[in-house]
Amino acid sequence: MICGTDEAGCGPLAGPVVAAAVILNPDRPIDGITDSKKLTARHREELSELIKEHALYWAIAQCDPAEIDEINIMQAALLAMRRAVEALPVPPAMVLVDGNRMPKLTVPARTIVGGDSLEACIGAASILAKVERDRQMVEWHEHYPQYDFARHKAYATPAHLALLEQYGPSPIHRMSFSPVARAAERMMKIKVS
């Protein structure tokens, strides 16, 4: 009953930070689990389905942009991980957390830097979190197509920054992130003048 937890989406300028918690089934190992950033989108999606099918338990949770702006991205990532662990139907015996910061948990836990490459349960959590966040950004693209979220998933790519400058922030942009705040300020100056 060892749980891995990880988050996806600390760096983007819009959308939620998503976390997952996974307790893998030792009798049903899944080949290819590693840090989600080392996998293609298609491979992540295939592994995500296998993880959901074969894991003993899994849960996904998040913090939305307003929460990120209120408590900062690091605290929001830790809160999302805590929510994911707490959403599991059974409490794990131990939680392995990717990184060097510990969410507030009521069960034993330890951090592992680079854990998503070292522990399959953390890698599985990183995959579920990344696939879910990407899925949500594709959905948000339908609401705000001018930002092209489906392509860059709200990361601060040159294309996204140019669109942010052109259109100003959307309701799902993180206002506490400096490129978004600058774009909002610029749009206010244009409206005033």
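The values are calculated or read from the model by the stated rules, or taken from the named source; none is laboratory data. Small disclaimer: the values here were computed from a predicted structure and weren't measured. With ideal geometry, Cβ positions are generated from the backbone for all residues, glycine too; neighbour counts draw on all protein chains shown. Note: accessible area is taken over every heavy atom of the protein model, side chains too, but ligands, DNA and RNA are not part of it. Shrake-Rupley method; radii C 1.70, N 1.55, O 1.52, S 1.80 Å.
Values for this structure:
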| read-out | value |
| --- | --- |
| Any hit, the range 119-128, residues being touching a residue at least 60 places away in the same chain (Cβ under 8 Å), farther than 22 Å from Ile33 by Cβ and part of a loop (DSSP other than H, G, I, E, B) | no |
| Hey, Thr106 surrounded by 14 or more Cβ atoms within 10 Å (Cβ to Cβ) and free of Cβ contacts under 8 Å to residues at least 24 places away in the same chain or not | no |
| Residue in the range 140-160 that is open to solvent by 10 Å² or more (accessible area, probe 1.4 Å), of a type in the set (A, V, I, L, M) and under 18 Å from Ala19 (Cβ atoms) present | no |
| Qualifying positions in the range 168-184 - of a type in the set (Lys, Arg) and open to solvent by 30 Å² or more (accessible area, probe 1.4 Å) | Arg182 |
| Residue that is farthest from Gly15 (Cα to Cα), among those in the range 147-192 that are aromatic (Phe, Trp, Tyr) and in a helix (DSSP H, G or I) | Tyr167 |
